[in-house]
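In what follows, a structure is listed as structure tokens, so that the remarks can point back to it.
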Amino acid sequence: MLNTKGLALEVRLSAYLDGELGDAERRELDDLLTRSDEARQILDTLKAGSAFGNTAFQDFLHDPVPLNVVRRIKQGSASVSPAGERIVEARTSAANAKLWPRALAASLALLLFGGTAGYIIGSKQGGLSDLPQTAAASRGWLDEIADYHRIYASQRDHLVELAADEKPQIESWLNASVGVPFRIPDLTSRGLAFQGARLLVVQGKPVAQLMYRDQEGDVIGFCFLRNSDNTSVTDPKEDIRDDLALISWKKPGASFVIVGPSSDAALQAIASDISQEI
């Protein structure tokens, strides 16, 4: 069985669709699919692409091979008279008319699949530096938060800049740096222990990042930044970035997000608690 944890969600769901995952990972994705519209949409797209490719290739395989190809295989380089060539071509024209549109469809299916796979592999191996500028420009602040979280959550000894025992300094430092008044949320009732904080820069703006660790050792981040919109209020919304889930919402003058493993079903409840408190 495959282990796809840490890979792009498209890759994980493709393996899920093919029945190549172990029971634990399959249950994790089952839970994600019940919670995430985005994950369900990706799975539906993969199913549709698989059905299209299977149909195109089945049709391709069942069509007759053009007789001139069969003849050349059998005869090798043996010469054929022009008259005989014209007779064979006339007899195969109807088959060709049916074959080549299907071959084209199959080729397009391969092209689309290859392009998608190439993008997924390339983004994992080479990062986003080689993507066209238009694709890089379309990345929002949530994408950058996911990138930061993926890096810092793996740092055992340097998870944060200021540790949890420096709460007064953290609050005064980030209040002044980010410009969003706050108090560090107490999430012990959710089984989360506060670890400390660090300051990020996203799209040229300072972002506060508060770090928590759950009882299984997974890191949950709470990030926020100041924005110029003094009227918008939105409810928490979930987005998926590969193996991470991000629950984001807005209040006048600020944007907030909770980020953690996509398998953690408690993230929505954590976001709801914080959005009411902060």
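We did not get these values from a lab; they are worked out from the coordinates using the rules stated. Everything quoted here is computed from the prediction, not taken from an experiment. Methodologically, a virtual Cβ is constructed for each residue, glycine included, from the backbone with ideal geometry; neighbour enumeration extends over all protein chains shown.
Results, tabulated for the structure shown:
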| item | result |
| --- | --- |
| Residues Ser189, Ser232, Ser248 arranged by fewest to most Cβ contacts within 10 Å | Ser189, Ser232, Ser248 |
| Charge sum, other residues only, whose C-beta stays under 9 Å from Arg190's C-beta, Lys/Arg counted +1 and Asp/Glu -1 | -2 |
| Cβ-based exposure ranking for Met211, Met1, in which fewest neighbours within 10 Å come first | Met1, Met211 |
| Mean-position separation - Cα centroids, the stretch 227-241 and the stretch 173-204, in angstrom | 17 Å |
| Hull-based mean projected area of the stretch 139-277, where the convex hull spans the alpha carbons, in square nanometres | 7.8 nm² |
| Cα-Cα over 28 Å, subset of Lys205/Lys237; Lys47/Lys205; Lys5/Lys167; Lys205/Lys251 | Lys47/Lys205; Lys5/Lys167 |
